[in-house]
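> Can you keep this structure in mind? I'll have questions shortly.
The values are calculated or read from the model by the stated rules, or taken from the named source; none is laboratory data. For clarity, every value in this text was computed on a predicted model and none was experimentally measured. When we count neighbours, we look across all protein chains shown, and the Cβ atoms used for this are built from the backbone with ideal geometry, even at glycine. Heavy atoms of the whole protein, side chains included, go into the accessibility calculation; ligands, DNA and RNA do not. Shrake-Rupley method; radii C 1.70, N 1.55, O 1.52, S 1.80 Å.
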Amino acid sequence: MVLFFCLFVEKHVTINSLNTELKTKEIVSIGNTSLRLLLKEIGFKYKKDDHRRALIERSNISALRARFLRKYMENRNTSNGRQVVFLDETWIYSKGSKTVSWQDNSVKSVRKPEGYDGKRFIVVHAGSSKGFVSNASLLFCSKSNTLDYHGEMNSDNFTKWISTQLIPNLEEPSLIVMDNAPYHSILAEKQPCTSSTKPQIRAWLEINNIPFDDKLTKPELLGLAKQNKKENMYVIDEMIRAHGHEVLRLPPYHCDFNAIELIWAHCKTYYNKHIGRDGYGDEKVLSMWKEALDHCGNEVWENCVRHTEKLIEDWWIREQHIINIEIEPIIINTAETSESESDFSDDMN
């Protein structure tokens, strides 16, 4: 029943116009009420447009997502599947991060932006359904005033953490889930690009045993290199594989597939609530953050991983429904709402 919704050109429609189109094309003949119930049953909701959804449905992102889902589900459904370890970086402030406060309409009542409330600390950690990886916690003071912690973490720091704190403390072969931050993605072998010199392109072709005519110009050599482009191999991935583990990279814009994001929310809530109890010095920050980590024990991790795996499974089922459909999708957005459709939206919320 899901398939007939893919017969439309991408456009905004109402319940009435959708039903009219279905009847005109002789796909199905049902009443508006039944159509509403059917839409709800197969997962459609009446809500605001989410521009992130448009991004994640780009063909390249969709392909990366399908690859991630397939590998994750294969590992999960295999009798000897690897332990899944989720890793990520985040940040905390020495005085906590308050997101809400009592305010009136004056500017004076508005709190200063985060990042001006004490020092900022970069946090790195990893964990699985069994809890945090032992001895893998890293916290250090940021020297930057920007709100983007990626500028503080670099490939050297991350590589050192992987080699000295993560890998030695993994007790079994693991599938490590991580995002594509620049310091995660240093290439083991740089492939030719437009900034490469002609000798560099020639050398790459020779190393990879790709024959070429000595008379070829740089654009021709570059075209040949692109035709024989290899899959990107990353330094971190190779290091992890050398120790018997595997890496599974998140598709862009899908941080919700990383269970540690939920863990961060739990830890920060605890930290923000209790920081200042004993002071705001660096030692107090370290102590309180450790307390926040300890507060997120095995049970919290089990629940967060279970929630994430349910989300991944739902996405996998969704992908299977549309995997071989080559017709254009429809976006159902009741831009022109009638009174009856407004009633329906209340039911859907």
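> Output yes when any residue across the range 225-235 is touching a residue at least 24 places away in the same chain (Cβ under 8 Å), within 24 Å of the chain's Cα centre (by Cα) and closer than 21 Å to Glu89 by Cα, and no when none is.
Checked against the condition, which is being touching a residue at least 24 places away in the same chain (Cβ under 8 Å), within 24 Å of the chain's Cα centre (by Cα) and closer than 21 Å to Glu89 by Cα, the range 225-235 yields at least one hit.
> Take the conditions without any contact (Cβ under 8 Å) to a residue 24 or more places away in the chain, open to solvent by 80 Å² or more (accessible area, probe 1.4 Å) and over 25 Å from His184 (Cβ atoms) and apply them to Arg241. Does it pass?
Numbers: without any contact (Cβ under 8 Å) to a residue 24 or more places away in the chain: yes; open to solvent by 80 Å² or more (accessible area, probe 1.4 Å): yes; over 25 Å from His184 (Cβ atoms): no.
Taking the combined requirement at face value, the residue does not satisfy it.
> Can I ask one more? If Gly276 satisfies every condition in (1) open to solvent by 60 Å² or more (accessible area, probe 1.4 Å); (2) at positive phi but one, which is the exception?
With (1) open to solvent by 60 Å² or more (accessible area, probe 1.4 Å); (2) at positive phi applied to Gly276, the lone miss is (1).
> Can you list residue pairs whose Cβ atoms sit under 8 Å apart, with the first residue in the range 164-177 being aliphatic (A, V, I, L, M) and the second being surrounded by fewer than 20 Cβ atoms within 10 Å (Cβ to Cβ) and modelled with pLDDT under 95? Count only pairs 6 or more apart in sequence or on different chains.
Leu175/Gly81
> Please go through the range 168-213 and give me each residue that is open to solvent by 40 Å² or more (accessible area, probe 1.4 Å), within 23 Å of the chain's Cα centre (by Cα) and among the aromatic types (Phe, Trp, Tyr), ordered by number.
Of everything in the range 168-213, nothing turns out to be open to solvent by 40 Å² or more (accessible area, probe 1.4 Å), within 23 Å of the chain's Cα centre (by Cα) and among the aromatic types (Phe, Trp, Tyr).
> What number of residues within the range 279-300 satisfy the criterion of being open to solvent by less than 50 Å² (accessible area, probe 1.4 Å), in contact with a strand residue (DSSP E or B) (Cβ under 8 Å, 6 or more places away or on another chain) and part of a helix (DSSP H, G or I)?
Of the residues in the range 279-300, 3 are open to solvent by less than 50 Å² (accessible area, probe 1.4 Å), in contact with a strand residue (DSSP E or B) (Cβ under 8 Å, 6 or more places away or on another chain) and part of a helix (DSSP H, G or I).
> Could you grab me the full set of residues in the range 255-273 that are of a type in the set (A, V, I, L, M, F, W, C), at pLDDT below 95 and in contact with a Lys or Arg (Cβ under 9 Å, 6 or more places away or on another chain)?
Scanning the range 255-273 gives no hits.
> How about the range 214-238: which of its residues are of a type in the set (Asp, Glu) and surrounded by fewer than 16 Cβ atoms within 10 Å (Cβ to Cβ)? Break it down stepwise before answering.
Step one: filter the range 214-238 for residues of a type in the set (Asp, Glu), giving 214, 220, 231, 237-238.
Hits for the range 214-238 are Asp214, Glu220, Glu231, Glu238.
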